Each structure stands twice: as structure tokens, then as C-alpha cells.
Amino acid sequence: MLYQTIDILGTVAFAISGVLVAMEKRLDLFGVLIIAFVTAIGGGTLRDLLIGNTPVGWMTDITYMVTIFIAVVFAIIFVNQLKYLRRSLFLFDTIGIGLYTMVGVEKGLEAELLPVVCIALGTMTACFGGVIRDMLCNEIPMIFRRTEIYATTCILGGASYFLLTWLSVPEKYAYLSAIMVVIALRTLAVLFGIRLPNIYKKEA
Amino acid sequence: MLYQTIDILGTVAFAISGVLVAMEKRLDLFGVLIIAFVTAIGGGTLRDLLIGNTPVGWMTDITYMVTIFIAVVFAIIFVNQLKYLRRSLFLFDTIGIGLYTMVGVEKGLEAELLPVVCIALGTMTACFGGVIRDMLCNEIPMIFRRTEIYATTCILGGASYFLLTWLSVPEKYAYLSAIMVVIALRTLAVLFGIRLPNIYKKEA
Amino acid sequence: MLYQTIDILGTVAFAISGVLVAMEKRLDLFGVLIIAFVTAIGGGTLRDLLIGNTPVGWMTDITYMVTIFIAVVFAIIFVNQLKYLRRSLFLFDTIGIGLYTMVGVEKGLEAELLPVVCIALGTMTACFGGVIRDMLCNEIPMIFRRTEIYATTCILGGASYFLLTWLSVPEKYAYLSAIMVVIALRTLAVLFGIRLPNIYKKEA
């Protein structure tokens, strides 16, 4: 129940972020809807395709389509008020990537893939909806540009799950801890401006 | 027979639209060929991937590759004359999206998916080749920008199919009617400039 | 053993080309890693998805992830020295597309697809990692623009394989010859500036 509620809040946060990017590009209603949809389910869809879980998730569980549709209508109507919700949106998005990371890791485990591949799938689930959103909006994906760490928190969260189970922590607790790791790291990253090391020489 | 003829005409129309966009971008021969190909089979390929129908359609039925190849050669040679064919091309494209929509809906039904998912698959089949074409050409997809309704006519056509079968219209007639609905709506949209409602405030 | 060594060298060459493109776009460490990864495994992944070979190759054989990771670290550290390696990189890339082409052709044969589809799959395996790389970097794919023939050499190499086996050349020799055809054609193309015929009118 809690799990499902968080899942839906994460989907809502991703959909709203899609609406905001799409509206900045002045797309029409259909474009906004598709971008919101892709942002929310793109990562999980790519993961399902790569593993071979077809028909992909959102086709068999209608909850996602309905949730996203409602979120889009809401976001378009209240677009001017959304700036006051920035903190809530950050919260949903952060919980969302934490949860999506572990959903991806779990799907990888079900397919009996190696830990490093599971971590890649978790990160993909959490982050690649945004990558496809940015590709469709003709932008270089935001998570490839140097801002506070985002995808990296998913990688570390996923890794912490395997570390904890390796240390004999029961799976359930490792699972929840990993979600917390993602959420905590992402929050700290934004609070303290933590970025990946710069790989470019400083310009004179 | 009629069905197949229309299918081929639709494929030709999509391929030619790909050639025109690619040549506007001054791509080379290989680039033009790939863009034409992707425009014609991209939507159906994405649909097949999401459902899990692999190897995807154009790999097992060679007709598409041959048709597209001939269309590309034709289009490159007669590119200057194509402007006189604009009306025919509009006709083919419109018949094409009508037919492709119902092909997609049918594939969804075969996979026992919910009506709303089938409608999404139909719209994807008809419209997402153009989306991939625009992504490859480094443009924001045309159907996300506000012009006469296009994808929306596919959604309404797909919905009309389910409405008609729900009203006990025999499947065959519902199928044909739905194709007609798409064609009629798209024609009306272009004739009367029907667009989706504007979701942006008017600028002062 | 030789086969595997070449495969790894090809992967390294593709990964390094990804790093160079990504660093030109000033992406951050994570972005560079993903672009390198996608460049190296994107073509094979797309091929596996279209055929239905899931989980896709790099998920079950960890060699690719490890190789790419090491290549990226190496490339970032020695980025300024890489210009002195341009000739080696060209060599690896050329051997890489030769080998990848035939890997793709073979996967098509295993799936019992028609020769023309196998050639398409081979070309995709060799060239489409670069296409996805360019899409993610917000560029029109390099191989669609008119420079020395690249994808075309893969098509001709793949075709030569089927010609040779049709002429009763033993499969093994046809396979190796086809790789040589790609390598030779690509080398000649760069040495003599061989391009596809221009499909545009000369501008006055």
C-alpha cells in the first residue's frame, strides 16, 4: 500500500517534470501529454525491452496511464502555481528515483543478471525517462551535464543494496536502506552542491 | 488485395515524406535511405518491440524494404516534380495513418491488451515513424507542435472502433469505419484548420 | 582468441570515439561514460531488440562493460595524447566495423532471416551505436552526412559474404573475406576520398 502510494507519487513527479519541460518548448497538448508519458514510463520501458519483459509494464497495468493523464491535466491547469510546489516536486522526484532504482534492480535480479547489470538497470529505470524526454525536446540530456549528482546517487544506492545483502542484511531491509541511500545522497547533493569531479582542464 | 494496395501506398507516402525531410537537411544518399525507411517502418517497429512481436514485421515480410527502396529512388529522381504531387501525397499519407492506426489497434487486440492501450498502439503505429524521423534529423517532432490535428485523429479513430464494436457493430464494419473516421477527421482538420486547444496564455 | 582480441579492440575504438564526441560537448563524467557505452554497444543492442534476443548481449557477457569502463578511464586521462593515436584509432574502428558487420550478419542467419535483412542487421550492428551517440549529443548522425563512405562499406561487405557463399566458398572463408572487404573498402575510401554520389544539384 505504502509502496504503491510512493510509486504513484514518483510517477506524478516525473510526469509533471515532463509537462514543465514540454511547455517550456511550447509544444501542443498532444506533445505535452506524450513527453509527460515518456518521462514517467520511458526508463522502465527501456529496461523491460532490454530484459525482454514484454508487453512492457505500462501496457498491462493501466494505473500508470491514468495517473499520468490526471497529472498532466492538473499540471497544465495549475502550471503557474507549480513554482510554489517546487519543494514538493523535488521531494516526489527524489523519492521517485529512489524507488525506481530498486524496482529496476529487482527486475534485474528476477532475470538472474549480475549485480553490476542490475545496478545499471536500476539507474536506467530511474533516469532514462528524462533522457528520452530531453532527446524528444531536442536537448542534450540534462543528467549528462554537470550539475548536482543525480544518476550517480542511483548507482550508489543500487550498489549499497548488494553490499548490504552481501553483509547478510535481510533482503527487505537492504531494499529499504538502498532507497534511503538514494534519497539521502540526492538531498545532500542538492543541499551542498555535490558534483562529479570535473574532467576538463580549467580554462585560462 | 485492396488492403495490401493501400498498405503499400501508405508506406510509399511515409517513405517519400522521409526523403523530403532528409533532403531538406542535405543528408547523403545513405542518410536519405535510412530516414525514409525509419519514417515508414519506425512506428510499427516500436509497437512490435513494446508488445514483444519479434523479429519485427519488416524483417519477415520483405515487401516493405523493397517498396521503400523503390520509393526512395523514385523520390530522389523526381524530387522537383514532387511538389506537383502534394495533393496525392497528402491523400496517401492520410489513408496511411488511417490504415496504420487500425493495424496497430488489431495487434494490440491480438496481444489481449486493454482498449486504451490498443488505441495508444494504433496512434504509435501511425505517427511514431515521423517522430523518430524528426529525432534523427535533430528537430522537435512535428506532431508535438501545434498545427492541424494529426495524432489526435488517430486516437479518435481508434476510439470510434471500440465505440462501434461496443454498440454491436460487426467487427469488419467497425474496422473500416474507424479508418474512415481517421481519414475524414484529418481531411476536415486540414480544410478547416482544426487544432488542439491552445494551452498557453496569449502573449500581450 | 584472435576473434575475441579483435572484438575487444573494436569495442575500445568505439568507446573512445564516444568519449571524444562527449568531451567535445563538455558532458560530465557520467555523460561521457554513458555516451561511450552507447557508442560501443548501441548497434548490437538495437539488433538484439529487433530480432528478439533478450536479455541483450552486454547483459549476459560482462566483458563489454568492463572493457568500456577501462577504455573510458584511459581515454579521459590521456585525452590530450589521443590525437597522436588517431591512426591506431582509425585502424581499430575499421577492424571494428568489419567484425561487427559479420557478427550482425551471423545473428541474422541464426534467426533465419533473409540475406538482405541480415546485411541490414550487420550494418546496424557496426554503425548504429554511432547514430545513437549522435542523437544523444544533439547532432544529426555523422554517417548520414556526406563524407567518405562508412555504412556503405558494411553493406558491401555483408553482400560479399552472401555472394561468396553462393559461389560455394566455404562459410569460414566467406566470413573472413567479408570482414576484409569492409576493412579494405573503408581504408580505400579514406585514402582516395570515395563518397556516395551527390544527390543534390550543384549550387550556382
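The values are calculated or read from the model by the stated rules, or taken from the named source; none is laboratory data. Everything numeric in this text was worked out from a predicted model, so none of it was measured. Backbone-built Cβ (ideal geometry, glycine too); neighbour counts: all protein chains shown. Just so you know, the surface numbers come from the protein's heavy atoms only, side chains and all, with ligands and any DNA or RNA stripped out. Shrake-Rupley method; radii C 1.70, N 1.55, O 1.52, S 1.80 Å.
Before moving on, here are some points about what is shown:
- Residue in segment C:36-49 that is over 25 Å from C:Asn138 (Cβ atoms) and within 11 Å of chain A (Cβ to nearest Cβ) present: yes
- Of the helices (runs of 4 or more DSSP H) entirely within segment A:44-145, those holding at least 3 residues that are among the basic types (Lys, Arg) occupy A:86-110.
- Considering residues of segment B:138-195 that are among the aromatic types (Phe, Trp, Tyr) and within 14 Å of chain A (Cβ to nearest Cβ) only, the residue farthest from B:Phe14 (Cα to Cα): B:Phe144
- Against the numbered list (1) of a type in the set (Lys, Arg); (2) touching a residue at least 24 places away in the same chain (Cβ under 8 Å); (3) in contact with a Gly (Cβ under 9 Å, 6 or more places away or on another chain); (4) under 30 Å from C:Val131 (Cα atoms), A:Arg195 comes up short only at (3).
- Scanning segment C:66-98 for residues that are open to solvent by less than 50 Å² (accessible area, probe 1.4 Å) and over 30 Å from A:Ala111 (Cβ atoms) returns C:Ala75, C:Ile76, C:Val79, C:Leu82, C:Ser88, C:Leu89, C:Asp93, C:Thr94, C:Ile95, C:Ile97, C:Gly98.
- All positions within segment B:146-175 that are among the β-branched types (Val, Ile, Thr), farther than 19 Å from A:Leu33 by Cβ and part of a helix (DSSP H, G or I): B:Thr165
- Check on C:Leu185, farther than 28 Å from B:Thr60 by Cα, touching a Ser or Thr at 6+ places or on another chain (Cβ under 9 Å) and not in a helix (DSSP H, G or I): no
- For segment B:121-137, the set of residues classified as open to solvent by 30 Å² or more (accessible area, probe 1.4 Å) and within 8 Å of chain A (Cβ to nearest Cβ) consists of B:Met135 only.
- Check on A:Ala15, over 19 Å from B:Ile132 (Cα atoms) and either among the small types (Gly, Ala, Ser) or open to solvent by 30 Å² or more (accessible area, probe 1.4 Å) (or both): yes
- Screening segment B:18-65 for residues that are surrounded by 24 or more Cβ atoms within 10 Å (Cβ to Cβ) and among the small types (Gly, Ala, Ser) and picking the one that is farthest from B:Asp93 (Cα to Cα) gives B:Gly31.
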